[in-house]
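Visitor: Please find one structure pasted underneath; my questions will follow.
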Amino acid sequence: SDIDVDQYIRNQVEGGHEFLLSDVEQKGFAVVIGVDESGSMDNGNIDSARKLCATLYKAFDGMPNVDIYVFGWTTGYDDATGKSGVIMKKITKFSEVGSLRATGGTPFLEATYFLADFVEKLPHSKKLMFQITDGDVYHDKALAHYFSKLRKAKIDVTGIQISWCKSQSMIDLFGKENYIQTESMDRINGAMTKTIVSKFMRCMK
């Protein structure tokens, strides 16, 4: 926390003075990646997504104040709650990457809202969010407004769509500069890793 030094000294001498001004933002770098685990990803794309996440965990392994968060998302039966619905699987280390599977539906909006809320609350000074899907996406004005709010807070939000054609809805949501369309996940891995590393280097400088 930030400290009012004068008030701190008075508190030591007299007591009863509030000297904590505010929480100081943790310096650091965070990457949040959402991975579509729907059944249609079971064509090599989920394998490529695993490789990407594993590469990032290895690349930043042991680096202080750098955190990688991966969320696999789909629909289905959740053993933990005993209910069917949206499933958000949180992965925080290299050994868990293999748990990404391709099964279930594509709850894009629910998963994206969850990820945006998660990344917004992180204490790091530099935050990147990537949302990867091969599904059809419908425009949502509230979500587009949310992304605009995140960008004003200097949070990078990028949408990656595995498709043979561009999606105007994705462009409207993420913006032209933050939308990537590719025919296969394998094609984006190298470029995505390079983008993350370059942003990390700029952040550290």
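Visitor: Provide the per residue accessible area, probe 1.4 Å, for region 35-176, rounded to a whole number of square angstrom.
Guide: Per-residue value: 49 Å².
Visitor: What are the lysines whose alpha-carbon lies under 24 Å from the alpha-carbon of Lys121, with same-chain residues fewer than 8 places away excluded?
Guide: Within reach: Lys27, Lys89, Lys90, Lys93, Lys141, Lys149, Lys152, Lys154, Lys199, Lys205.
Visitor: Need the C-alpha centroid separation for region 144-205 versus region 33-106, integer Å.
Guide: Spelled out, the Cα-based centre of one part sits 18 Å from the other.
Visitor: Where nothing but the Cβ of Lys and Arg (+1) and of Asp and Glu (-1) is charged, how large is the charge dipole of the chain around its Cα centre, in debye to the nearest 20?
Guide: 680 debye
Visitor: Could you grab the Rg to Rh ratio for the chain? Cα atoms only, Kirkwood for Rh.
Guide: 1.07
Visitor: Moving on to the next point. Which residue, Pro64, Pro107, Pro123, has the most motion in a Gaussian network model of the chain that connects Cα atoms within less than 10 Å?
Guide: Most flexible of the set in this elastic network: Pro64.
Visitor: Quick one: among Phe71, Phe108, Phe60, which has the greatest mean-square fluctuation in a GNM of the chain with alpha-carbon springs under 10 angstrom?
Guide: Phe60
Visitor: For Asp134, Asp186, Asp61, Asp47, give the ranking by accessible area with the largest first, probe 1.4 Å.
Guide: Asp61, Asp186, Asp47, Asp134
Visitor: Looking at the chain as a GNM with Cα springs under 10 Å, which of Thr158, Thr195, Thr74 has the largest mean-square fluctuation?
Guide: Among Thr158, Thr195, Thr74, the largest GNM mean-square fluctuation belongs to Thr195.
Visitor: Counting only C-alpha contacts under 8 Å and six or more residues apart, can you give the relative contact order of the chain as a whole percent?
Guide: That works out to 21 percent.
Visitor: Which number comes out as Rg/Rh for region 19-109 once both Rg and the Kirkwood Rh are worked out on C-alpha atoms?
Guide: 1.09
Visitor: At most 13 other Cβ atoms within 10 Å and a DSSP loop assignment: could you name the trypsin sites (Lys or Arg not before Pro) in region 60-153 that fit?
Guide: Numbers: sites: Lys83, Lys89, Lys90, Lys93, Arg101, Lys121, Lys126, Lys127, Lys141, Lys149, Arg151, Lys152; in loops: Lys93, Arg101.
Filter output for region 60-153: Lys93.
Visitor: Is it possible to state the helix-based mean residue ellipticity at 222 nm for the chain, with each DSSP H run of 4+ residues giving -39500 (n - 2.57), the sum divided by total residues, to the nearest 500 deg cm²/dmol? What is it?
Guide: -12000 deg cm²/dmol
Visitor: Counting only protein heavy atoms and using a 1.4 Å probe, what share of the accessible area of the chain belongs to carbon plus sulfur, as a whole percent? Numbers along the way, then the final one.
Guide: On the way: 5640 of 11140 Å².
C and S fraction of accessible area: 51 percent.
Visitor: I would also like to ask the following. With the contact rule set at Cα under 8 Å and sequence spacing of 6 or more, what percent relative contact order holds for region 85-205?
Guide: Once normalised by length, the contact order is 20 percent.
Visitor: Right, here's the next one. Given Cα pairs under 8 Å that are at least 6 residues apart, what percent is the relative contact order of region 134-205?
Guide: With pairs under 8 Å counted, the relative contact order is 29 percent.
The values are calculated or read from the model by the stated rules, or taken from the named source; none is laboratory data. Predicted model only: the values in this text are computed from it and were never measured. Here Cβ is always computed from backbone atoms with ideal geometry, including for glycine, and neighbour counts include all displayed protein chains. All accessible areas refer to the heavy atoms of the entire protein, side chains included, with ligands and DNA or RNA removed. Shrake-Rupley method; radii C 1.70, N 1.55, O 1.52, S 1.80 Å.
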